[in-house]
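Trainee: I'd like to ask some things about the structure below.
Any read-out appearing in this document is the output of simple, stated calculations on the displayed coordinates, not a laboratory observation. Quick caveat, the model's predicted, so the values are computed rather than measured. Because the Cβ atoms are built from the backbone with ideal geometry, glycine has one as well, and the counts that use them run over all protein chains shown.
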Amino acid sequence: WGLVGHATVGYVAQHYLDGAAKILTSHLLDGVPLANVASWADSFRYTDAGAFSAHLHYIDAHDQVPNKCGVKLERDCPPEGCIVTAIANYWIEVLTGRPVTQTSRILDDKLSKEERANALKFVVHFLGDITQPLHTENLDVGGNTITVTWGGNDAASKTNLHAVWDTKIVETLAGGSTLAAADTLSKSIITDIESGIYKDQKESWTSCGSIKRGTGCPKAWAQDANQFVCTNVLVDGADAVRGQDVSGAYYEKNVPIARQQLAKGGYRLGLWLNAIAKAEQKKC
Ligand code: ADE
Ligand code: ZN
Ligand code: ZN
């Protein structure tokens with residue numbers, strides 16, 4: 001997702017934090033809200049220090065969409081890692097090869113506060129990206145090479161399907177490209193989680209179980225997002241969207257999926273951070 005999508009996930013998650021998670025996150029982030037750090041990983045990946053993390057934002061599932069979807073870790077997650085293992089193990093495994101969980105990375109007292117804060121910022125970001133269907137598939141590099149237009153035929157309207165999902169659909173839905181637009185969108189999403197269209201689904205969003213399951217939950221989440229590539233994102237194949245203006249009928253069909261995926265990311269992140277904070281309390 002782009003800035004608005006990640007911030008929306010951050011605002012939704014913030015709403016669900018319990019007391020312990022509020023204390024932990026605000027300590028590590030010096031009081032900065034989750035939404036404001038949710039896109040940090042997208043700047044970091046383009047720095048020398050952060051180059052190692054560029055491929056951790058996605059998993060390139062290799063099934064033949066739209067005829068076949070599915071995520072297989074052995075096949076789709078390379079030894080250098082992917083978003084599934086990044087969430088499960090995060091960066092001690094990436095950097096040192098030492099197998100530790102993301103939870104312990106955030107809680108590890110031996111790490112500096114900045115290192116723990118960065119681990120937290122990665123979790124906030126990756127729980128968002130793993131709900132973006134095109135971050136879980138391989139066809140045309142996650143849609144990056146499927147050129148489309150958005151609302152016109154001039155050069156400025158030229159874009160690609162990945163950017164449409166990351167940014168165009170979300171900004172159109174939110175009515176802007178700012179944190180304020182994301183805040184407004186998050187409020188309507190929270191209402192739907194509490195008492196609207198997502199009320200009865202939300203339990204299934206976290207039904208993968210405990211954060212202690214290693215790759216269990218992130219694998220299930222990647223699988224969930226990947227299904228939408230076949231049922232919605234590329235339902236009629238890449239050639240059906242290539243070169244098309246996707247700001248009309250395509251947008252209308254897919255905006256409910258994008259909104260629901262952002263809701264899932266935020267809700268899961270809130271509950272995940274509560275579980276992490278609880279694990280820290282037990283340690284004391
Ligand atoms: N680069 C390669 N595959 C990608 C994907 N699925 N999403 C984003 N960036 C990618
Ligand atoms: Zn993206
Ligand atoms: Zn990302």
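Trainee: Cα gyration tensor of the chain, axes a ≥ b ≥ c as square roots of the eigenvalues: rounded (a/c below 1.5), prolate (a/b > b/c) or oblate? Walk me through the intermediate numbers first.
Mentor: On the way: a/c = 1.68, a/b = 1.40, b/c = 1.20.
Since a/c reaches 1.5 and a/b is larger than b/c, the shape of the chain is classed as prolate.
Trainee: Need the full-extension length gain, Ser207 to Ser157, defined as separation in residues times 0.36 nm minus the C-alpha distance. One decimal, nm. Numbers along the way, then the final one.
Mentor: Values: separation 50, 0.36 × 50 = 18.00 nm, distance 4.01 nm.
Working it through step by step, the gained length comes to 14.0 nm.
Trainee: Do any of Lys22/Lys113; Lys121/Lys278; Lys68/Lys264 go past 20 Å between their Cα atoms, and which? Each step should come with its number before you reach the end.
Mentor: Working: Lys22/Lys113 16 Å; Lys121/Lys278 18 Å; Lys68/Lys264 23 Å.
Too far apart for the 20 Å limit: Lys68/Lys264.
Trainee: A follow-up question, please. With angles folded into 0 to 90 degrees, how steeply does helix 179-195 sit against the dominant principal axis of the chain? Use alpha carbons for both and round to 10.
Mentor: With both axes taken from Cα atoms, the answer is about 80 degrees.
Trainee: Farthest toward the dipole's positive end in the chain, which of Phe122, Ser177, His27, given Cβ charges of +1 (Lys, Arg) and -1 (Asp, Glu) about the Cα centre?
Mentor: Positive-most Cα among the choices belongs to His27.
Trainee: Towards the positive end of the charge dipole of segment 35-90, with charges on Cβ (+1 Lys, Arg; -1 Asp, Glu), say which of Ala41, Ala51, Pro66 has the farthest Cα.
Mentor: Highest projection toward the positive end goes to Pro66.
Trainee: Moving on to the next point. Any idea what angle helix 3-16 forms with the longest principal axis of the chain, computed on alpha-carbon atoms, 0 to 90 degrees, nearest 10?
Mentor: Roughly 40 degrees, rounded to the nearest 10.
Trainee: Would you give the gap between the C-alpha center of segment 250-270 and the C-alpha center of segment 142-158, rounded to a whole Å?
Mentor: Segment 250-270 and segment 142-158 have Cα centres spaced 22 Å from each other.
Trainee: Quote the charge dipole size of segment 3-283 about the Cα centre in Debye, to the nearest 20; the model charges only the Cβ of Lys and Arg (+1) and of Asp and Glu (-1). Could the numbers behind the result be given before it?
Mentor: On the way: 27 positive and 31 negative charges, 174 e Å.
Value, rounded to 20: 840 debye.
Trainee: Could you work out [θ]222 nm for the chain from helices alone, using -39500 (n - 2.57) per DSSP H run of at least four and dividing by all its residues? Round to the nearest 500 deg cm²/dmol.
Mentor: Working: 15 runs with 157 residues, N = 284.
After summing the helix terms and dividing by residue count, I get -16500 deg cm²/dmol.
Trainee: Pairing the Cα long axis of helix 216-228 with the longest principal axis of the chain, what angle in degrees results, from 0 to 90 and rounded to the nearest 10?
Mentor: 10 degrees
Trainee: List the residues, sorted by chain then number, that are 5 or more residues from Asp245 or on another chain and whose placed amide H is less than 5 Å from its amide H.
Mentor: Answer set, sorted by chain and number: Thr149.
Trainee: Continuing with the same structure: List the residues whose amide H sits under 5 Å from the amide H of Asn160, counting only those 5 or more places along or on another chain, with H placed 1.01 Å from N in the peptide plane.
Mentor: Correct list: Val148.
Trainee: Give the residue from Val148, Thr131, Asn160 lying farthest towards the positive end of the charge dipole for segment 113-165; charges sit on Cβ (+1 for Lys and Arg, -1 for Asp and Glu) and the dipole is referred to the Cα centre.
Mentor: It is Thr131.
Trainee: Quick check on packing: order 233-243, 177-187, 77-87 by the mean number of other C-beta atoms within 10 Å, highest mean leading. Don't skip to the answer; put the middle values down first.
Mentor: Numbers: 233-243: 15.6, 177-187: 18.5, 77-87: 20.5.
Packing proxy ranking, top to bottom: 77-87, 177-187, 233-243.
Trainee: Right, here's the next one. Can you give me the distance in nm between label points at Thr215 and Thr147, each placed 7 Å from the Cα along the Cα-to-Cβ direction?
Mentor: In this crude label model, Thr215 to Thr147 measures out at 3.6 nm.
Trainee: Provide the per-residue ³J(HN,Hα) series for segment 25-37, in order, calculated from phi with Karplus coefficients 6.51, -1.76, 1.60 and θ = phi - 60°, each as a whole number of Hz, with x at glycine and proline positions.
Mentor: With the stated coefficients, segment 25-37 comes to 5, 6, 5, 5, 9, 6, x, 6, x, 3, 4, 6, 10 Hz.
Trainee: In addition: Using only alpha carbon pairs under 8 Å that are at least six residues apart, calculate the relative contact order of the chain and give it in whole percent. Write down the numbers at each step before the final one.
Mentor: Details: 441 pairs, mean separation 90.7, N = 284.
Relative contact order, the chain: 32 percent.
Trainee: Moving to a separate point now. Hey, got a sec? Which trypsin sites (Lys or Arg not before Pro) in segment 42-84 land in a DSSP loop and have at most 12 other Cβ atoms within 10 Å?
Mentor: Lys68
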